[in-house]
Structure formats: structure tokens, C-alpha cells
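To start, the structure under review is shown below, and the notes come after it.
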Amino acid sequence: MKLLEKILVPLAANSPSDQQIDLAVNLAQKFNSEIIMLYVLPREAKLNSISELVGKYIKNEVQENENRIKELQIRVKSKIKYGNRFDQIISFAEDEDVNLILISDLSNEKDGDYNIDVYAEKILRKSEIPVWLLKKGDISVPETILCPIDFSDASERALTNAIKIARIFDAEVNILNVFEPLQQSFTKRLDIDLHAENKRLEEKNVEEFNQFMKKFNLINLKYSIKLLEGNPIQEIINFSKNNNIDVVFIGATGKSYLQRLLLGSVTELLIRELPCSILVTKSENILNLKIDSDISNLEKHFELAEKLKEMGYYKEAIKQLKICLRINDLHIPTFTLLIKLYELMEEHELSEKYKKKVDEILKRLWDKKIEFEIRKTYRSGK
């Protein structure tokens, strides 16, 4: 089973990479991923006068990082490219069909000035593949996640991924919606009661929020819900600072304020002001469940179903259990887990249906046992 098949880790030569590699390793171990390390060097590095020296230095660094990852039994490969860093990262990620680009913030902080990492900012804004920007000093395992939502498909993807990753790392998800009130009438010709109109819009926002949240399975998840009012961008930043957030999941290209998150100036503000990592998803999910097709053993399917249940993939776990029943329609542990899953999903009719099946099976087995004992006694009496 794979959830996060390929993680692209663009590394900058002669820059600290331990944090980046540690996070990639933690993700790869949890999601059975392959790590692809990419080094992008300037075209000048190909010049005859320095190419041999640069090549030798980079190859040593590549080998050290590969050995470190291979020792942990994780699949890894490396590639060296030349040219514009942004262009090479984006094109390579698309060619390799990776699920996640894991970049590090290489901004400089000197004398109180903060210079934005231009490449990181551009990758966040332009990449269609999910991007995780790791800020300096971040921990390699997220414990607190923030996910702002605006009821769009993009924020639905972001929250879905946040929930899945939170389950794996036993992290807490903070689900945030910010209502942005009207500040003035659109035209002076219309006499609008702003207070009354904002109250109506806020009530509508709460209704939309409640309807939106019905899509998600929050059972056995550590989470909190916050409905705030104000400037959304500033509220996201303030909440992150005040609640020790480790990573913000952003479903960009949303319906309202999330659309603005990938404007150049707003992205710069987020990178500069957020005290934590940023994970941006646009058109693709981070986690795509892939189940190996060569499984034919009942115990393997059952074990996979148990893992899927723990990760919150309830429907997928049920599919595996139904395969188990095709192999052995008297397998009691399969029925027991099916009952638990349907109860968690609050599908009580199906839960009762399988409880009755278990009772029927146990009765049949009991009757057979009694018959066997009678026959055995009868034969011994003869």
C-alpha cells in the first residue's frame, strides 16, 4: 500500500539540508514513499575550468545523503540538473509525476531585514503539484496543523489531506473559517444597513460551514474548530503565532480569500510572517491511495484493512474486508471489523446486518460442533 508515492526534495548545494531530509524520511516511512533528491546547479558549473571540482563536491554530498536514507530502508535516488532552479524543479517534478515537492525556506535574515526566498515563493505560487515549504527551525514531525477553509473544492482537498496526515502523526487539526464582513456599501445610491447585512451573511456562512463539515470523517481525530471574523490573511497569521502551529495546509485557488493567498504580495507576506511551515495544494491531492494488486492472501487483506481503518480510510478498509469474505465467508474477525467500521460511519443498519450474520455463523458452527460430539460419542459407544 502506498499513500505518498514520490517525494521530490530539491536541495541547494552547500546549504543545510538536515531538516528537509528528516521530514522527507518521516513522511516516506509513514507513507511508503520514494525520495527523489534534486540538485540544480547554475549553467556555469558546466564550464571546463570548474566542472570537475563542482562535480566531485556535489557527488560526495549526494552519496552521503543517499547512504543516510538507504540505511533506513527507504527507496531513494538523486539527480543533478543545470539551469534556472525554478524551471528545473517544476519541469522535473512534472516529468517524474511526484506527489509532493518538499522545499526549504532559504531566506536570509540579517540586521533585522528579511529577504524572501524568491524560488520558494515562485514554486508555492506556480506549482500545480502540492508544495510543502519547511521553515527554519521547524520540527520534522507535525504536532499541530492549521487548515483554513472557505468551502471550495481546493479547501476540501486541503482539509482531507490535513486529516489523513494528522491521523498518521497523531497530530491535532485546527479547522479555521474566517468571516470577512462588509466594510462599506458597494454604492452610495443604495442605503444598506451594514450591521444587519453582515449579520445575515455571517449566519449564512455558519450554515455553509456546517454543511461543508458533513463531508469529513472526524471520528477519533484530535481537532478544534474556530469561526473567526476579520481580515482572513491576518487572522491566519495571528492564529498560527498564538497557537504554536507547525504547518498550515492551504487549499489555494479557493472561492474567496484563499484565492488571494497565491498573489505575489500575499504569498510573500505569508512566507515572511507565518512562524511555521506552509503546505499548498491546488489541483492535486497529496495522498493518493494505491493498493498493491498482487495481494491474494486473506491475512494480508485483513492486515491492510486494519491499517486503513487506523488511517481513517473506512470505505477502503471495507473493500479489503469484502475481499476477505470472498476468500472465506466464515471469517469471524472480518465480520467483527466490518461491524466496527459501520458503527464508526454511523451506518447502523449495515452494522446490524453483519451482527446477524455473525450470530448465524456462530450458531451453524455450534450446531456442527454438537453434531460432531454426538457422532464421536456414538462411534466410541459402538
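The values are calculated or read from the model by the stated rules, or taken from the named source; none is laboratory data. Values in this document were obtained by computation on a predicted structure and should not be read as measured data. Cβ placement follows ideal geometry from the backbone for every residue including glycine, while neighbour counts extend to all protein chains displayed.
Condition first: in a helix (DSSP H, G or I) and closer than 24 Å to ALA162 by Cα. Can you find one or more residues in segment 344-353 that meet it?
yes
Residue-by-condition table, conditions (1) of a type in the set (Lys, Arg); (2) surrounded by fewer than 21 Cβ atoms within 10 Å (Cβ to Cβ):
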{"residue": "ARG68", "(1), (2)": "yes, yes"}
{"residue": "PHE92", "(1), (2)": "no, yes"}
{"residue": "VAL98", "(1), (2)": "no, no"}
{"residue": "VAL118", "(1), (2)": "no, yes"}
{"residue": "LEU133", "(1), (2)": "no, no"}
{"residue": "SER152", "(1), (2)": "no, yes"}
{"residue": "ARG167", "(1), (2)": "yes, yes"}
{"residue": "VAL173", "(1), (2)": "no, no"}
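Which helices (runs of 4 or more DSSP H) does segment 245-341 wholly contain that include 2 or more residues that are modelled with pLDDT of 90 or more?
298-310, 314-327
Before we move on, is LEU23 of a type in the set (A, V, I, L, M, F, W, C), at pLDDT 85 or above, part of a helix (DSSP H, G or I) and under 26 Å from SER127 (Cα atoms)?
Details: of a type in the set (A, V, I, L, M, F, W, C): yes; at pLDDT 85 or above: yes; part of a helix (DSSP H, G or I): yes; under 26 Å from SER127 (Cα atoms): yes.
Yes: the conditions hold for LEU23.
In segment 117-139, how many residues are part of a helix (DSSP H, G or I), under 20 Å from GLU94 (Cβ atoms) and of a type in the set (Val, Ile, Thr)?
Filtering segment 117-139 down to residues part of a helix (DSSP H, G or I) leaves 118-126.
Checking the rest, the ones that are also under 20 Å from GLU94 (Cβ atoms) come to 119-126.
Checking which are of a type in the set (Val, Ile, Thr) leaves us with 123.
The qualifying residues number 1.
Quick one: which of GLY112, GLY55, GLY83 is over 28 Å from the mean Cα position of the chain (by Cα), modelled with pLDDT under 95 and assigned by TED's automatic domain parsing to the domain that holds ILE271?
On the way: GLY55 fails: assigned by TED's automatic domain parsing to the domain that holds ILE271; GLY83 fails: assigned by TED's automatic domain parsing to the domain that holds ILE271.
The match here is GLY112.
Consider segment 195-241. How many of its residues are assigned to a helix (DSSP H, G or I) and either among the small types (Gly, Ala, Ser) or over 17 Å from LEU274 (Cβ atoms) (or both)?
The qualifying residues number 20.
Give segment 83-98 a look and list any residue that's touching a helix residue (DSSP H, G or I) at 6+ places or on another chain (Cβ under 8 Å) and part of a loop (DSSP other than H, G, I, E, B), or say none.
The answer is GLY83, and nothing else.
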